[in-house]
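Everything below concerns the one structure shown next.
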Amino acid sequence: MNLSARQRALAVAGVALAGLLAGAVPAATAQAAAAAPDIPVANVKQHLADLQSIASANGGNRAHGRPGYQASINFVKAKLDAAGFTTTIQQFTSSGATGYNLIADWPGGDANQVVMAGSHLDSVTSGPGINDNGSGSAAILETALAVARSGYQPTKHLRFAWWGAEELGLVGSRYYVNNLPATDRAKISGYLNFDMIGSPNPGYFVYDDDPTIEKTFKDYFAGLGVPTEIETEGDGRSDHASFKNVGIPVGGLFTGASRTKTSAQVQKWGGTATAFDRCYHSSCDTTANINDTALDRNSDAIAHAIWTLSSGTTNPPGKVFENTSDVSIPDNGAAVTSSVSVTGVTGNAPSNLAVGVDIIHTWRGDLVVDLVAPDGTVYNLKPFSSSDSADNVQTTYTVNASAEVANGTWSLRVQDRATYDTGYINGFKLTFS
Ligand code: DTR
Ligand code: CA
Ligand code: ZN
Ligand code: ZN
């Protein structure tokens, strides 16, 4: 058909418009599921070194009812609190001694869909328990810290747990499950268990329980070119049993204990036809009793499973919202504000929200400076000081705002509470990393 130039131009425009209307929107508008970061095995090994030091300082073990276990719980809890997790210590009694579970929730995500990962933190009395089970405990600790520092926004809610008294018979995890209301049990979409994942003569075993969880792990190792086997001795042998017994989907990883690696497995994984861990439940289960490659691969597999099963997104690094308008501060008068409207940030604000403050004011001690979240929550950045005679407030505060929904109007609120010195707000900036 002979079309004039104008008719052709209109036809092309019509096709383009039809395309847009039909939803041919560039894929860039839909955020792809985030990929897990690499878990630095050096960080995991540092946690193991710290657990070793704790055992050495407390009679050589980290067993239930002993000082070394309490110190281990305090060590893990402190790191999680600093990273912005909501932590809970659950007490129970076993064999006449008080035991402790540590539960850590990452704020945000769908509370009706909980992805949970756990490891028992207790050792036997005969040794420091670095592979059994410092390895699992350290790996999920570093994975939890990676969630906090990466800006990952999980669609499902993430919960991590460190169990007490596993070596006495899954006591801590069973206590947790038995005291979890049925409505809350139903919210756990999967429980991932990690007990001995750094054995010195390792095998790569995947629990054959929930098929989705099993496939998630097997796909990861297939991507590494590392063959895996189904964990056959696991049923009832670790804390996943407490969850499986009440119908919660479970999975996990294991590198072997006192059983002997077969010659076929030596062909598959290397190593020797001896025990996977010759120091199982012995005093030699120290930091020397770890295979770094197995610890690294399993730590990365844990992160892969957590990211995959919670199907979230990661905020682009450093989303910045800034207001540079000058706002005069009345001398010894009412508070004034500078505000920014945050949009396009998924989920909650990070635990390390960077709050840039630029206030020009002589004798800055007169000033009270607050960050006000969209829901009105006040985070004091700087209190009044009758002695701080320096000029200007030009600094960046790091605020744990992980309890706050990110999108909305955030304000910097400033009040001059003493006469004579005056000034103004020069700038206010929020960086979502
Ligand atoms: N019961 C665990 C070690 C253990 C033995 N077999 C398996 C299978 C799967 C996980 C763990 C284990 C302990 O001694 O803590
Ligand atoms: Ca790694
Ligand atoms: Zn054990
Ligand atoms: Zn164990």
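The residue pairs whose first member lies in the range 297-312 and is closer than 18 Å to Pro211 by Cβ and near ligand 2 (Cβ under 10 Å from one of its atoms), whose second member is open to solvent by 10 Å² or more (accessible area, probe 1.4 Å) and assigned to a helix (DSSP H, G or I), and whose beta carbons are closer than 7 Å, counting only pairs six or more residues apart or on different chains, are Ala301/Tyr220. Filtered by the rule that a residue be aliphatic (A, V, I, L, M) and open to solvent by less than 60 Å² (accessible area, probe 1.4 Å), the range 79-108 gives Leu80, Ala83, Ala97, Leu102, Ile103, Ala104.
Within the range 117-141, residues that are assigned to a helix (DSSP H, G or I) reach partners that are of a type in the set (Lys, Arg) and within 16 Å of ligand 2 (Cβ to nearest atom) with beta carbons closer than 9 Å, at six or more positions or on different chains, in the pairs Ala138/Lys45. Do we have Ser263 as open to solvent by 40 Å² or more (accessible area, probe 1.4 Å), within 16 Å of ligand 3 (Cβ to nearest atom) and of a type outside the set (A, V, I, L, M, F, W, C) here? Judged against the criteria, Ser263 is not a match. What's the total number of residues in the range 200-245 that are away from ligand 2 (no atom under 16 Å from the Cβ) and assigned to a helix (DSSP H, G or I)? Total meeting the criteria: 14. Checking each residue in the range 121-144 for being touching a Phe, Trp or Tyr at 6+ places or on another chain (Cβ under 9 Å) and away from ligand 4 (no atom under 14 Å from the Cβ) picks out Leu141, Thr143, Ala144.
Taking the criterion of being open to solvent by 40 Å² or more (accessible area, probe 1.4 Å) and touching a Ser or Thr at 6+ places or on another chain (Cβ under 8 Å), the residues of the range 397-420 that qualify are Asn400, Ala403, Asn407, Thr409, Arg413.
With respect to Leu295, determine if the residue is within 16 Å of ligand 4 (Cβ to nearest atom), of a type in the set (A, V, I, L, M) and out of contact with any Ser or Thr (no Cβ under 8 Å at 6 or more places or on another chain). It is false that Leu295 is within 16 Å of ligand 4 (Cβ to nearest atom), of a type in the set (A, V, I, L, M) and out of contact with any Ser or Thr (no Cβ under 8 Å at 6 or more places or on another chain). Scanning the range 153-178 for residues that are assigned to a loop (DSSP other than H, G, I, E, B), within 16 Å of ligand 1 (Cβ to nearest atom) and either without any contact (Cβ under 8 Å) to a residue 24 or more places away in the chain or open to solvent by 30 Å² or more (accessible area, probe 1.4 Å) (or both) returns Glu167, Leu168, Gly169.
Scanning the range 188-209 finds no residues that are without any contact (Cβ under 8 Å) to a residue 12 or more places away in the chain and within 16 Å of ligand 4 (Cβ to nearest atom).
The values are calculated or read from the model by the stated rules, or taken from the named source; none is laboratory data. The structure displayed is predicted, hence computed values, not measured ones. Neighbour counts are summed over all protein chains in view; Cβ atoms, including those assigned to glycine, are modelled from backbone coordinates with ideal geometry. Keep in mind that these areas ignore ligands, DNA and RNA; they rest on the heavy atoms of the full protein, side chains included. Shrake-Rupley method; radii C 1.70, N 1.55, O 1.52, S 1.80 Å.
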